[in-house]
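Okay, so here's the structure we're looking at.
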Amino acid sequence: MRYWFPLAAVVLVLGVWLSRGSEQAGFGGEAKEDAAGRKHGEYLVNEVAGCGHCHTPQNDKGQPDKARLLQGAVLQIAPKKATKNWADKAPDITHGGLAGKWSEADLIKFLTTGENPDGMKPMPPMPIFHLKKEDARAITLYLRSLPGKKGPER
(Lines give C-alpha, C1' and ligand atoms only; values in the text may rest on other atoms or scores of the structure.)
Protein backbone atom coordinates (compact mmCIF):
# COMPACT_ATOMS: atom_id res chain seq x y z
CA MET A 1 0.00 0.00 0.00
CA ARG A 2 2.87 2.41 0.68
CA TYR A 3 4.05 2.10 -3.03
CA TRP A 4 0.61 3.05 -4.37
CA PHE A 5 1.03 6.82 -4.06
CA PRO A 6 4.45 7.06 -5.80
CA LEU A 7 3.24 4.66 -8.51
CA ALA A 8 0.04 6.69 -9.01
CA ALA A 9 2.10 9.90 -9.22
CA VAL A 10 4.37 8.38 -11.86
CA VAL A 11 1.36 7.15 -13.88
CA LEU A 12 -0.30 10.59 -13.61
CA VAL A 13 2.85 12.46 -14.69
CA LEU A 14 3.41 10.01 -17.56
CA GLY A 15 -0.21 10.39 -18.67
CA VAL A 16 0.01 14.19 -18.67
CA TRP A 17 3.31 14.09 -20.55
CA LEU A 18 1.93 11.71 -23.21
CA SER A 19 -1.28 13.69 -23.67
CA ARG A 20 0.67 16.93 -24.13
CA GLY A 21 2.85 15.21 -26.73
CA SER A 22 -0.20 13.94 -28.62
CA GLU A 23 -1.68 17.46 -28.66
CA GLN A 24 1.47 18.75 -30.32
CA ALA A 25 2.01 15.81 -32.65
CA GLY A 26 -0.20 14.11 -35.17
CA PHE A 27 0.27 10.96 -37.20
CA GLY A 28 3.92 9.95 -37.41
CA GLY A 29 5.01 12.57 -34.86
CA GLU A 30 4.04 15.44 -37.15
CA ALA A 31 3.24 18.66 -35.33
CA LYS A 32 -0.45 19.59 -35.48
CA GLU A 33 0.71 23.05 -36.47
CA ASP A 34 2.41 21.61 -39.58
CA ALA A 35 -0.65 19.51 -40.47
CA ALA A 36 -2.90 22.54 -40.17
CA GLY A 37 -0.42 24.64 -42.13
CA ARG A 38 -0.24 22.04 -44.90
CA LYS A 39 -4.05 21.96 -45.09
CA HIS A 40 -4.12 25.76 -45.31
CA GLY A 41 -1.43 25.60 -48.02
CA GLU A 42 -3.49 23.09 -49.98
CA TYR A 43 -6.43 25.50 -49.85
CA LEU A 44 -4.30 28.46 -50.96
CA VAL A 45 -2.66 26.53 -53.82
CA ASN A 46 -5.78 24.85 -55.17
CA GLU A 47 -8.63 27.23 -54.35
CA VAL A 48 -7.13 30.72 -54.10
CA ALA A 49 -4.07 30.97 -56.34
CA GLY A 50 -5.17 28.27 -58.81
CA CYS A 51 -1.60 27.02 -59.27
CA GLY A 52 -2.87 23.86 -60.94
CA HIS A 53 -4.18 25.81 -63.93
CA CYS A 54 -0.62 26.21 -65.20
CA HIS A 55 1.48 23.73 -63.19
CA THR A 56 -0.69 20.62 -63.79
CA PRO A 57 -0.60 18.89 -67.19
CA GLN A 58 -3.86 18.36 -69.02
CA ASN A 59 -5.28 14.94 -69.85
CA ASP A 60 -6.55 13.91 -73.30
CA LYS A 61 -9.85 15.71 -72.63
CA GLY A 62 -8.16 19.02 -71.78
CA GLN A 63 -8.84 18.64 -68.05
CA PRO A 64 -6.16 18.81 -65.32
CA ASP A 65 -4.50 15.40 -64.91
CA LYS A 66 -5.01 14.95 -61.17
CA ALA A 67 -2.55 12.04 -61.14
CA ARG A 68 0.18 14.56 -61.97
CA LEU A 69 -0.99 17.47 -59.82
CA LEU A 70 1.46 20.40 -59.94
CA GLN A 71 4.14 18.34 -61.70
CA GLY A 72 4.79 20.90 -64.42
CA ALA A 73 3.16 21.45 -67.78
CA VAL A 74 3.43 23.08 -71.16
CA LEU A 75 1.49 26.34 -70.90
CA GLN A 76 -1.73 26.52 -72.88
CA ILE A 77 -1.75 30.33 -72.95
CA ALA A 78 0.36 32.82 -74.88
CA PRO A 79 0.62 36.62 -74.99
CA LYS A 80 -1.22 38.53 -77.73
CA LYS A 81 2.11 39.91 -78.96
CA ALA A 82 5.20 37.72 -79.14
CA THR A 83 7.64 38.41 -76.34
CA LYS A 84 10.97 36.87 -75.43
CA ASN A 85 10.21 37.07 -71.69
CA TRP A 86 7.34 34.57 -71.63
CA ALA A 87 7.56 31.10 -70.11
CA ASP A 88 6.48 28.24 -72.37
CA LYS A 89 6.39 25.76 -69.51
CA ALA A 90 5.36 25.86 -65.86
CA PRO A 91 7.82 23.91 -63.68
CA ASP A 92 7.13 21.00 -61.38
CA ILE A 93 6.51 22.64 -58.01
CA THR A 94 6.15 19.44 -55.97
CA HIS A 95 8.83 17.84 -53.78
CA GLY A 96 10.08 16.12 -56.95
CA GLY A 97 10.64 19.55 -58.51
CA LEU A 98 11.31 23.02 -57.15
CA ALA A 99 9.84 22.36 -53.70
CA GLY A 100 12.46 19.63 -53.27
CA LYS A 101 15.33 21.57 -54.80
CA TRP A 102 14.79 24.88 -53.05
CA SER A 103 15.08 25.15 -49.28
CA GLU A 104 12.07 26.10 -47.19
CA ALA A 105 13.61 29.56 -46.76
CA ASP A 106 14.05 29.91 -50.54
CA LEU A 107 10.41 29.00 -51.21
CA ILE A 108 9.18 31.38 -48.54
CA LYS A 109 11.39 34.15 -49.95
CA PHE A 110 9.99 33.53 -53.44
CA LEU A 111 6.39 33.63 -52.24
CA THR A 112 6.87 36.73 -50.06
CA THR A 113 9.20 38.81 -52.25
CA GLY A 114 8.78 37.44 -55.76
CA GLU A 115 12.50 36.60 -56.04
CA ASN A 116 13.86 33.09 -56.58
CA PRO A 117 17.08 31.91 -54.86
CA ASP A 118 19.12 33.55 -57.64
CA GLY A 119 17.41 36.92 -57.07
CA MET A 120 15.43 36.67 -60.32
CA LYS A 121 11.73 37.43 -60.79
CA PRO A 122 9.49 34.79 -62.37
CA MET A 123 8.75 35.01 -66.06
CA PRO A 124 5.20 35.86 -67.09
CA PRO A 125 2.56 34.59 -66.93
CA MET A 126 3.66 33.66 -63.39
CA PRO A 127 2.53 36.45 -61.09
CA ILE A 128 4.83 37.93 -58.47
CA PHE A 129 3.37 37.08 -55.09
CA HIS A 130 3.84 39.12 -51.93
CA LEU A 131 2.28 36.73 -49.42
CA LYS A 132 2.39 36.89 -45.66
CA LYS A 133 5.13 34.66 -44.27
CA GLU A 134 2.57 32.35 -42.60
CA ASP A 135 0.77 31.77 -45.91
CA ALA A 136 4.06 31.24 -47.76
CA ARG A 137 5.13 28.66 -45.17
CA ALA A 138 1.77 26.88 -45.45
CA ILE A 139 2.15 26.65 -49.23
CA THR A 140 5.72 25.41 -48.79
CA LEU A 141 4.56 22.67 -46.40
CA TYR A 142 1.87 21.58 -48.85
CA LEU A 143 4.08 21.58 -51.95
CA ARG A 144 6.81 19.64 -50.14
CA SER A 145 4.23 17.03 -49.09
CA LEU A 146 3.51 16.16 -52.74
CA PRO A 147 5.97 13.52 -54.00
CA GLY A 148 5.76 14.61 -57.63
CA LYS A 149 6.55 11.50 -59.66
CA LYS A 150 6.98 13.07 -63.03
CA GLY A 151 5.54 11.24 -66.01
CA PRO A 152 6.02 12.00 -69.69
CA GLU A 153 5.36 15.61 -70.66
CA ARG A 154 2.24 16.47 -72.64
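The values are calculated or read from the model by the stated rules, or taken from the named source; none is laboratory data. Just so it is clear, the model here is predicted, and its values are computed rather than measured. Ideal geometry is used to build each Cβ from the backbone, glycine not excepted, and the neighbour counts take in all protein chains shown.
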Open item on the list: I'd like the full set of residues that are within 22 Å of A78 (Cβ to Cβ) and either touching a helix residue (DSSP H, G or I) at 6+ places or on another chain (Cβ under 9 Å) or in contact (Cβ under 8 Å) with a residue 12 or more places away in the chain (or both), limited to region 115-128.
Closed with: P122, M123, P124, P125, M126, I128
Task: Test for D92: is it of a type in the set (D, E) and modelled with pLDDT under 95 - done: no
